[in-house]
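What follows is a single structure, written as C-alpha cells, with notes after it.
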Amino acid sequence: MATKTFTEQELNDIYAFAVQLGKDAGKLLLEAARLRWNGENTPEAVEKDSSVDIVTKTDEVDVELFIKTSINQKFPDHAFVGEESYSKGAFRDYLISDSTPTWCVDPLDGTVNYTHLFPMFCVSIAFLVGGKPVIGVINAPFLNQLFTACGGRGAWLNETQRLPLIRNPIPPMPTNAPAGCVFSCEWGKDRKDTPGGNLHRKVESFLNMAAEVGGRAGKGGMVHGIRSLGSATMDLAYTAMGAFDIWWEGGCWEWDVAAGIAILQEAGGLITTANPPENPSTAQIEDVGLGSRLYLAIRPAGSSSTESGRQGQERTVREVWRRVRALDYNRPGA
C-alpha cells in the first residue's frame, strides 16, 4: 500500500490540531496534580513490569482516552498507538505502519516524577507519515514548557522561541567532546543486579563518561555533568533546546521518543543508535530506527573553523561510542 501524502495546508491543519491537543491534555494533567497537592486526589499507582514502571489509573489512562477520542473524531482514518492501550496487550510488536498515518502518544511520560510531584513530566504527541515522525508536541505543564515542531517549519519553545535556544550562531560541539558536554542518561526500568546485564553496563558507561580524561584505561570522558530527568521525552526536548549536548539511552518505546525525535531533528539535532558498532571510527552514522529501543542524540550544532556542524555531531557520536557498553533491549517476543 502506498504511503499517504499530505498537502502543506493539510499538514498545517494537523499540526495546529496536535498543538491544541497537547495543550488540552497538559491542562488535564496539571489539574489532577493540583488536586493532589491540595489533598483532594491521590491517584492509585499500579506496577506494570517493575516497581519503577507504573501507571496512574485515574490520570494517565484518562488522558490517553481523551487524546485518542479527540483524534478519532477528527481523523477517523488515522491509526493510533498509545502507551496505555499498547501495554494492555499481550504482544510487544512494532505497530507503526509505513503506509498508514499514525499518532504515537504517551499521555504521561515521567509517571514516577508525576506521582512524587517532581515537575519533569509531560504529555507527548507525535504524528507519523511513512513511519517517520513529522510532527511533535511535548507539553510539560508543571514547567509551563511547550515544545512543538513540524517538518520544514522549525522547532519551538512556547511557540515563540525557536530551538535551539542559543542561536546566531549556534555553538559548535566542543573540540574535545564529550569533555565540556552535559551528558543525559537514565537508569531505566531494568534493575536486575546481574553482572553483564543492562544495569551494570549502564553504570560502567556512566563512569566512563564522567571520569577524568585518560582515566578508566583511556575511556574517561570528563563530561561537565550527568543529568537524569526521569523522562526520556524531556531528555530529548532539552537536547533539542541545547541544554543537553548528548543523550544516551536504551529501553525506551516508540511513544517515549517519537515526538522528541521530530522536535530534535527539526531543531537540527542528530539521533542514531546507542550501541557502538564494531569499529566506531569508520562506521556509517545512520538515523535511528524508531522502534529500536536504542538511542543516542546529539544537540543541534553550528560550524567551527575546522568542521561543519554535522561533522562535529558525528565526531561526538564516535567518541561516545568509544566509551559506552552495548545494551540489550530486544523487543519481548521479537
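The values are calculated or read from the model by the stated rules, or taken from the named source; none is laboratory data. Small disclaimer: the values here were computed from a predicted structure and weren't measured. Note that each Cβ is placed from the backbone with ideal geometry, even for glycine, and that neighbours are counted across all protein chains shown.
Tallying residues that are within 20 Å of the chain's Cα centre (by Cα) and among the acidic types (Asp, Glu) within segment 177-206 yields 2. If I filter segment 85-97 for residues that are assigned to a strand (DSSP E or B) and not small (Gly, Ala, Ser), do I get at least one hit? Taking every residue of segment 85-97 in turn, none turns out to be assigned to a strand (DSSP E or B) and not small (Gly, Ala, Ser). Residues considered: 243, 262, 297. Of these, the only one that is within 21 Å of residue 178 (Cβ to Cβ), within 10 Å of the chain's Cα centre (by Cα) and either modelled with pLDDT under 95 or of a type outside the set (Val, Ile, Thr) (or both) is 297.
Looking at (1) closer than 30 Å to residue 156 by Cβ; (2) β-branched (Val, Ile, Thr); (3) part of a loop (DSSP other than H, G, I, E, B), find the lone condition where residue 282 falls short. Result: residue 282 fails condition (1) only.
Of all residues in segment 209-231, those that are of a type in the set (A, V, I, L, M, F, W, C), buried (at least 16 other Cβ atoms within 10 Å of the Cβ) and more than 21 Å from residue 301 (Cα to Cα) total 3.
The set of residues in segment 7-23 being more than 19 Å from residue 263 (Cα to Cα) and either outside any helix (DSSP H, G or I) or of a type in the set (A, V, I, L, M) (or both) consists of 7 alone. If you go through segment 9-46 and pick out every residue that is modelled with pLDDT of 95 or more and of a type in the set (Asp, Glu), you end up with 3. Within segment 297-334, can you find the residues that are part of a helix (DSSP H, G or I) and within 30 Å of residue 93 (Cα to Cα)? Within segment 297-334, 317, 320, 321 qualify. Screening segment 124-231 for strands (runs of 3 or more DSSP E) wholly inside it with 3 or more residues that are closer than 22 Å to residue 257 by Cβ returns the ranges 132-140, 145-150, 155-157, 182-184.
Scanning segment 10-29 for residues that are without any contact (Cβ under 8 Å) to a residue 12 or more places away in the chain and not polar (S, T, N, Q) gives 10, 13, 16.
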